[in-house]
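Some notes on the structure that comes next.
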Amino acid sequence: MDARLDWFIASVGFICVIGTFLICYFSFGRTKKKDDREEGASIATITSDTGYIKSSLEGINTKLEKSDERHGMMIERMVKVESSTNSAHKRIDEVIKKGEK
């Protein structure tokens with residue numbers, strides 16, 4: 001009878017060990033799936049933020065190019081005004097010299 005009792009206790013212990021392993025395995029699988037979902041959401045957020053930053057930089061580059069074009073046009077106009085001013089000063093000086101004679 002002691003052998004049957006020992007066999008029964010060993011069987012119950014073995015079943016408990018197997019049950020514990022199964023519970024741990026399924027808990028780990030569930031936690032892993034949850035972690036994978038959270039990581040996927042995190043990666044998606046980073047990807048969308050990167051896309052937003054990229055589009056913002058493209059907009060800034062476009063504005064900078066337009067600003068450079070306007071700056072170039074302003075410099076051209078300023079050069080024309082300066083040459084016109086120099087020409088006007090020369091004519092004014094000639095008129096003053098003619099008036100003094």
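One table, with the values for the structure above:
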quantity	calculated
Charge dipole of the chain about the Cα centre (unit charges at C-beta), most positive-ward option of Gly40, Gly29, Ala3	Gly40
Tilt relative to the chain, helix 2-100 - C-alpha long axis, 0 to 90 degrees, to 10	0 degrees
Lysine pair count for the chain [Cα-Cα under 18 Å; pairs on different chains or 8 or more apart]	4
Calculated Cα extents along the principal axes in Å (choose from (1) 35, 31, 30; (2) 148, 15, 9; (3) 44, 29, 25), label	(2)
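Each value in this text was obtained by applying a stated rule to the coordinates, not by laboratory testing. Given the structure is predicted, the values throughout are model-derived calculations rather than measurements. Cβ: placed from backbone, ideal geometry, glycine included. Neighbour counts: every protein chain shown.
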